[in-house]
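Since the structure comes first, as structure tokens, the remarks are kept for the end.
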Amino acid sequence: MRNFKTTALLLTVPASLMAIGLYAAPILQVLALSLTEPKFGLANYQSLFANAAVGRVVMTTLKVSVMTTVLTVLASYIVAFAIIHMSAGWRRISLFLVLVPFWISVLVRAFSWITILRRRGVLNSTLMDMGVISTPLDLVYNLLGVTVGMVHYMMPFAILLLYANLSDIDRRIMQAARSLGARPATIFWRVWLPLSLPGIALATLFVFVFSLGFLVTPALLGAGKTLMIAEYISVQISSTSRWDVATSLSTMLLLVVGIIVFAAMRSPALRAAFVARPQQ
């Protein structure tokens with residue numbers, strides 16, 4: 001058994017070295033640039049807190065990320081809850097439909113939303129033809145458009161995370177509550193929802209952290225008017241060659257994400273999401 005464990009550990013060495021080379025080394029290089037470009041010291045980090053443009057970008061990023069997280073988790077919970085209570089056949093079809101977006105490029109999805117939401121797009125044209133509105137609504141190239149696109153992108157991930165959690169809930173607990181005279185609404189709020197909190201916590205953490213570093217969808221659906229951190233970093237590197245700002249802001253984003261994940265993992269609800277439950 002000891003030899004088997006040693007062999008298994010040795011088999012992980014190539015993958016570990018590859019991970020260090022592909023992830024750790026670039027991150028360390030970014031950290032080094034943030035401390036040495038244009039000169040050695042913490043001046044780059046000090047300038048971030050005094051930069052009004054960076055402050056606006058950070059606030060926009062937090063606003064979009066929070067809105068995306070709340071809407072995504074809420075909508076995904078409803079979908080996952082419905083899938084759990086479907087028959088086996090419909091459940092397979094629904095899960096297949098949830099997986100379909102993974103096979104479509106993020107660029108295609110973003111441009112599709114532009115086609116739907118632009119001033120002469122599908123939605124505005126339909127509403128105007130129906131007489132609901134007289135002038136086109138501004139649904140894209142703003143905060144609303146970015147949020148819609150990000151929610152659409154994140155929902156499949158959140159649905160699968162919540163579905164995995166809800167599938168592990170022991171239905172006999174619901175039957176026991178029902179046999180004791182609890183009404184369906186009471187069962188949901190007092191029994192089902194508390195048991196699903198680990199899945200909600202995990203989906204919330206995943207969506208929020210992912211949203212903080214989102215680039216493609218905000219860049220296309222925001223068109224530079226709703227500037228988030230990742231796009232701001234990209235502009236600093238590709239357009240203005242401000243490596244000092246880009247690397248220091250990247251390092252701060254990585255640090256903030258690490259702190260959020262570390263703090264979240266101390267939550268009992270989130271830790272419970274990684275504890276295997278006994279089979280029903």
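Values for this structure:
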read-out: So Thr217, is it among the hydroxyl-bearing types (Ser, Thr, Tyr), open to solvent by 50 Å² or more (accessible area, probe 1.4 Å) and under 26 Å from Ile78 (Cβ atoms); value: no
read-out: Any pair with Cβ under 7 angstrom, 6 or more apart, that starts in segment 235-247 at a residue that is free of Cβ contacts under 8 Å to residues at least 40 places away in the same chain and ends at one that is of a type in the set (A, V, I, L, M) and buried (at least 16 other Cβ atoms within 10 Å of the Cβ); value: Gln236/Val245; Gln236/Ala246; Ile237/Ala246; Ala246/Ile233
read-out: Candidates Leu144, Leu97, filtered to the one that is modelled with pLDDT of 90 or more and closer than 30 Å to Ile187 by Cβ; value: Leu97
read-out: Odd one out for Leu270 among (1) modelled with pLDDT under 85; (2) touching a Leu at 6+ places or on another chain (Cβ under 9 Å); (3) within 30 Å of Tyr141 (Cα to Cα); value: (3)
read-out: Subset of segment 63-94 (residues that are touching a residue at least 40 places away in the same chain (Cβ under 8 Å), among the hydrophobic types (A, V, I, L, M, F, W, C) and open to solvent by 40 Å² or more (accessible area, probe 1.4 Å)); value: Val66, Met67, Leu71, Val79, Phe81
read-out: Candidates Val245, Val257, Val191, filtered to the one that is open to solvent by less than 50 Å² (accessible area, probe 1.4 Å) and farther than 30 Å from Leu35 by Cα; value: Val191
read-out: Helices (runs of 4 or more DSSP H) completely within segment 171-225 that count 2 or more residues being under 28 Å from the mean Cα position of the chain (by Cα); value: 197-212, 216-222
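Let's see how each residue does on (1) more than 26 Å from Trp243 (Cα to Cα); (2) open to solvent by 70 Å² or more (accessible area, probe 1.4 Å); (3) part of a helix (DSSP H, G or I):
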residue: Asn3; (1), (2), (3): yes, yes, yes
residue: Leu10; (1), (2), (3): yes, yes, yes
residue: Ala15; (1), (2), (3): yes, no, yes
residue: Gly21; (1), (2), (3): no, no, yes
residue: Leu35; (1), (2), (3): no, no, yes
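The values are calculated or read from the model by the stated rules, or taken from the named source; none is laboratory data. Because the structure is a prediction, the values reported are computed rather than measured. As a convention, Cβ positions derive from the backbone with ideal geometry for all residues, glycine included, and neighbour counts pool all protein chains shown. Calculation scope for accessible area: heavy atoms of the full protein, side chains included, ligands and nucleic acids excluded. Shrake-Rupley method; radii C 1.70, N 1.55, O 1.52, S 1.80 Å.
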